[in-house]
Amino acid sequence: MTIHDLTLAELRARLDNRELSAVEVTNAYLERIAATNPDLNSFITVCNETAIVEAQAADQALAAGEVAPLTGLPIAVKDIFNTAGLRTTCASRILENYVSPYDATAIARIKAQKAVIVGKLNMDEFAMGSSNENSAFGAVRNPWNLEHVPGGSSGGSAASIAAHQAAAALGTDTGGSVRQPAAHCSVVGLKPTYGRVSRYGVVAYASSLDQVGPVTRDVRDSALLLQAIAGYDSADSTSVDTPVPDYQANLTGDLRGMKIGLPKEYFIEGLDDDVRKAITDAAATYKALGAEIIEVSLPHTAYAVACYYLIATAEASSNLARYDGVRYGLRDENAEKLIDMYMQSRAAGFGTEVKRRIMLGTYALSSGYYDAYYIKAQKVRTLIRQDFLDVFEKVDTLLTPVAPTPAFALGEKTDDPLQMYLSDIYTIPVNLAGTCAMSLPCGFSAKGLPIGLQLIGKPFDEATMLRTAHAFEQATEWHKRTPKF
Ligand code: GLN
């Protein structure tokens, strides 16, 4: 087995017994990135120099016996995380040359363990999108089929892990951006409960929905990376001060007494037949493993996409007001008046989808429409959250599809924003409810494209969700398949 085929846990064992050094591991990944990135375009920045320096520091720590769970492990991060000394573009022209003076908390935490950051990953501009086609740095391709999208907005995160360009990645999920690309690329993507992981230093899209999450090759690695980034941070006022359990210790394989709910509103028209079959088969696997499968109802599901596109765009229009050419990023130097400088900098710096979202959000927040749209959406959001709290009185976890179809072709939905928005129909309700969910490999379509299943957990009960995911993974072989790339 070559170095870049090893999981975080496998690399950990080989670094600890000195079979490999962190510098060897890092070099293997940098070579793999150099060989594959021209086809995939999953990296915006590759850290050829800094990664080696970090790996040398990790080797010194290993030699001194100062080992943390991530010491020396190669991790790539979505280009939405502020990283001191490395540019953070958010895949936008407006931040093309922006270098943050500080690290996001999630970055600081993995750096404190001496993980090695191998690069910054491509994404949809400001995390707005479901296909990674909205990047100012070009689309990312799906390693399972280069003519298909990897999903979005963390498309670089999912593609890089599927193609073994890094051992693990960090992404963000506002309406499905970790889970949907993970499903399309056959890797594991986890969105923690809102407040579980600090958002400090993560470029804000929709602040009441954004969460940081790990993208990994298997469930154990997901537990390992979540462990490193989870927990209270005084720098994020929405981070929650509640104990973080030992996630790996929870991976017992024991599902006895577990109740798994299938929400009937998720098995509707528009759900692809191959996806439906894969999820039905997954439910059968769970039953065979001793879980009880129960049909449940989340009655307000049909309103989730509309509700999300009011709240997310409203928050985005407010968050993106800070890109005015004065304090950050691109500035139009030719403007004569201040107002022209604002307008021309924003016109030149933002892409089409970002502009569309800012306009939608500004409209929803404007006087006369605020009550009809924004306040109404907030009320619907409460009903959606209540749906989840009600079903979690009856079941421990929910099992659903991640996306209605496998990965679509490049260009297939770029002219139809509404079709693109519907890609997230099964992931969006979770962000509105603020609870946790994850995506894991559960099959392939007739055309050979990956299918993912979604597990939705109770608020702050990532541990039970991970245990449920791990048991499925142990019983199946899907996660072992890799793209011939
Ligand atoms: N596709 C959704 C959107 O465009 C979700 C994106 C995300 O989770 N960042 O808003």
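The values are calculated or read from the model by the stated rules, or taken from the named source; none is laboratory data. Bear in mind that the values here come from a model prediction, so they are computed numbers and not experimental data. A quick note on method: Cβ atoms are made from the backbone with ideal geometry, for glycine too, and the neighbour counts reach across all protein chains shown. The protein model used for the area step is the full one, side chains on, heavy atoms only, and it has no ligands, DNA or RNA in it. Shrake-Rupley method; radii C 1.70, N 1.55, O 1.52, S 1.80 Å.
Points worth noting:
- Flag if Ala304 is within 16 Å of the ligand (Cβ to nearest atom), over 24 Å from Pro459 (Cβ atoms), in contact with a helix residue (DSSP H, G or I) (Cβ under 7 Å, 6 or more places away or on another chain) and in contact (Cβ under 8 Å) with a residue 24 or more places away in the chain: no
- Matching entry among Leu40, Leu70, Leu86 (being within 22 Å of Leu226 (Cα to Cα) and touching a helix residue (DSSP H, G or I) at 6+ places or on another chain (Cβ under 8 Å)): Leu70
- Beta carbons closer than 8 Å, at least 6 apart along the sequence or on distinct chains, pair a first residue in segment 159-188 that is on the phi > 0 side of the Ramachandran plot and within 15 Å of the ligand (Cβ to nearest atom) with a second that is among the aliphatic types (A, V, I, L, M) and part of a loop (DSSP other than H, G, I, E, B) for Gly176/Val402; Gly176/Ala403.
- Of the candidates Tyr323, Tyr308, the single residue that is within 25 Å of the chain's Cα centre (by Cα) and closer than 23 Å to Phe392 by Cβ is Tyr308.
- Each residue in segment 252-270 was checked for being touching a residue at least 40 places away in the same chain (Cβ under 8 Å) and either part of a helix (DSSP H, G or I) or within 22 Å of the chain's Cα centre (by Cα) (or both), and 1 pass.
- Leading residue by the ranking (surrounded by the most Cβ atoms within 10 Å (Cβ to Cβ)) among those in segment 423-432 that are within 10 Å of the ligand (Cβ to nearest atom) and of a type outside the set (Val, Ile, Thr): Asn431
- Restricting attention to segment 61-98, the residues being open to solvent by 60 Å² or more (accessible area, probe 1.4 Å) and in contact (Cβ under 8 Å) with a residue 60 or more places away in the chain number 3.
- Residues of segment 190-200 that are within 16 Å of the ligand (Cβ to nearest atom), farther than 19 Å from Val77 by Cβ and open to solvent by less than 10 Å² (accessible area, probe 1.4 Å): Thr193 alone.
- Positions within segment 329-361 being over 24 Å from Glu133 (Cα atoms) and either within 16 Å of the ligand (Cβ to nearest atom) or not β-branched (Val, Ile, Thr) (or both), in sequence order: Arg331, Asp332, Glu333, Asn334, Ala335, Glu336, Lys337, Leu338, Asp340, Met341, Tyr342, Met343
- The helices (runs of 4 or more DSSP H) located wholly in segment 387-485 that include 3 or more residues which are more than 27 Å from Thr352 (Cβ to Cβ) and touching a Ser or Thr at 6+ places or on another chain (Cβ under 8 Å) occupy 462-475.
- Residue match in segment 201-214 (condition: away from the ligand (no atom under 16 Å from the Cβ) and open to solvent by 10 Å² or more (accessible area, probe 1.4 Å)): no
- Output for segment 226-241, where each listed residue is farther than 18 Å from Asn82 by Cα and either crowded, with 23+ Cβ neighbours inside 10 Å or at pLDDT below 95 (or both): Leu226
- Residue tally, condition surrounded by fewer than 18 Cβ atoms within 10 Å (Cβ to Cβ) and in a helix (DSSP H, G or I), over segment 306-339: 6
- Residue count for segment 272-290 satisfying the condition of being free of Cβ contacts under 8 Å to residues at least 60 places away in the same chain and crowded, with 17+ Cβ neighbours inside 10 Å: 0.
- Among residues of segment 338-357 that are under 14 Å from Ala91 (Cα atoms) and among the acidic types (Asp, Glu), those with a beta-carbon under 8 Å from a residue that is within 16 Å of the ligand (Cβ to nearest atom) and part of a helix (DSSP H, G or I) at least six positions away or on a different chain give the pairs Glu353/Glu125; Glu353/Pro417.
- Cβ-Cβ under 6 Å pairs, at least 6 apart or on other chains, segment 447-458 side over 14 Å from Ala433 (Cα atoms), far side of a type in the set (Phe, Trp, Tyr) and surrounded by fewer than 24 Cβ atoms within 10 Å (Cβ to Cβ): Pro450/Phe444
- Of everything listed in (1) within 16 Å of the ligand (Cβ to nearest atom); (2) farther than 13 Å from Ala407 by Cβ; (3) part of a loop (DSSP other than H, G, I, E, B); (4) out of contact with any Gly (no Cβ under 8 Å at 6 or more places or on another chain), the single unmet condition for Ser153 is (4).
- Out of Val391, Val402, Val430, sole residue that is closer than 19 Å to Thr468 by Cβ and in contact with a Cys (Cβ under 8 Å, 6 or more places away or on another chain): Val430
- In segment 392-421, the residues that are out of contact with any helix residue (DSSP H, G or I) (no Cβ under 9 Å at 6 or more places or on another chain) and either of a type outside the set (A, V, I, L, M) or surrounded by 21 or more Cβ atoms within 10 Å (Cβ to Cβ) (or both): Phe392, Glu393, Lys394, Val395, Gly411, Asp415, Asp416, Gln419
- Taking each residue of segment 111-139 that is without any contact (Cβ under 8 Å) to a residue 24 or more places away in the chain and looking for partners that are open to solvent by 10 Å² or more (accessible area, probe 1.4 Å) and within 16 Å of the ligand (Cβ to nearest atom) with beta-carbon atoms closer than 8 Å, six or more apart or interchain, yields nothing.
- Within segment 365-394, tally of residues that are out of contact with any Leu (no Cβ under 9 Å at 6 or more places or on another chain) and under 23 Å from Ile260 (Cβ atoms): 4
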